[in-house]
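Below you'll find the structure, written out as structure tokens, and then a few comments.
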Amino acid sequence: MNNKGCFGIGTVGLIILILTFVLGIWAYTTYNSMIKSNNAVQKNWANVETVYQKRANLIPNLANTVKAYTKYEEETLTKVIEARSKATQVTIDPTNMTEADLAKFQAAQGELSGALSRLMAVVEQYPNLKADQQFIDFQREYTAIENSIRAETVNYNAAVKEYNTSIKVFPNNIIANFSNFKEKPLFKADAGAEKAPEVFTE
């Protein structure tokens, strides 16, 4: 009887040990997977910031080129410069980003996009400016950057969707809650975002 009792206790202990080991391995791999997904989101966010910064870096040269050819568009150009200033001042911590943070970022970048579009429309009135090599170079870079912005925001959203799914599904959400993994916001599509940027070339 005693041997059976000891054997019984030993079996239960062994089962508990195996279950603990299996749960430990699961928790370890799940946590590491979430870390990788989170890092992917941060990497893609860095790419988003980089392409938006590249666009902002084009503005000073654009302003100088436009000023050389136009004498009556100061207000339109000023709005571009002001919108650029606002857009570059909005910074986000990707490790603790909220929907409000991303909405503010998008609003500032959208304001700059609108100001640039209005300026590009005005340029149509100045054939000499359109033919200027610096302006032509700007158009080429601007188009490439706008396309990159679209690509990088899509990549960011894909990374966020994968991350958000990984922390919300059961039983991963148990680890996520204990480890303080929080859902991250997605870029919302702007009206007309599916269209290529207009550069008004002839």
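The values are calculated or read from the model by the stated rules, or taken from the named source; none is laboratory data. On a predicted model such as this, the values are computed, not experimentally measured, just so you know. Here Cβ is always computed from backbone atoms with ideal geometry, including for glycine, and neighbour counts include all displayed protein chains. For accessibility, only protein heavy atoms count, side chains too; no ligands or nucleic acids. Shrake-Rupley method; radii C 1.70, N 1.55, O 1.52, S 1.80 Å.
Brief remarks on what is shown
- Any chance ALA121 is aliphatic (A, V, I, L, M), closer than 20 Å to ASN61 by Cβ and buried (at least 17 other Cβ atoms within 10 Å of the Cβ): no
- Test: PRO94 is modelled with pLDDT under 95 and closer than 19 Å to TRP45 by Cβ: yes
- So ILE35, is it surrounded by fewer than 17 Cβ atoms within 10 Å (Cβ to Cβ) and of a type in the set (Val, Ile, Thr): yes
- Residue ID - surrounded by the most Cβ atoms within 10 Å (Cβ to Cβ), chosen from residues in the range 83-117 that are outside any helix (DSSP H, G or I) and touching a Pro at 6+ places or on another chain (Cβ under 8 Å): MET97
- Number of the exception - GLU194 against (1) at pLDDT below 90; (2) in a helix (DSSP H, G or I); (3) loosely packed, with under 14 Cβ neighbours inside 10 Å: (2)
- Pairs, first open to solvent by 80 Å² or more (accessible area, probe 1.4 Å) and modelled with pLDDT of 90 or more in the range 164-184, second in a helix (DSSP H, G or I) and of a type in the set (S, T, N, Q), C-beta under 7 Å, six or more apart: GLU183/ASN164
- Considered as a group, the residues in the range 130-153 that are aliphatic (A, V, I, L, M), surrounded by fewer than 17 Cβ atoms within 10 Å (Cβ to Cβ) and modelled with pLDDT of 95 or more include one that is farthest from the chain's Cα centre (by Cα), and that residue is ALA144.
- Residues in the range 52-74 that are among the polar types (S, T, N, Q) and either farther than 15 Å from PRO127 by Cβ or at pLDDT 95 or above (or both): GLN53, ASN57, ASN61, ASN64.
- Any chance TYR28 is aromatic (Phe, Trp, Tyr), modelled with pLDDT of 95 or more and out of contact with any strand residue (DSSP E or B) (no Cβ under 9 Å at 6 or more places or on another chain): no
- Across the range 40-82, the qualifying residues are those that are of a type in the set (Ser, Thr, Tyr) and outside any helix (DSSP H, G or I), and the one among them that is most open to solvent (accessible area, probe 1.4 Å) is TYR72.
- Conditions (1) more than 30 Å from TYR163 (Cα to Cα); (2) at pLDDT below 90: number failed by SER85: (2)
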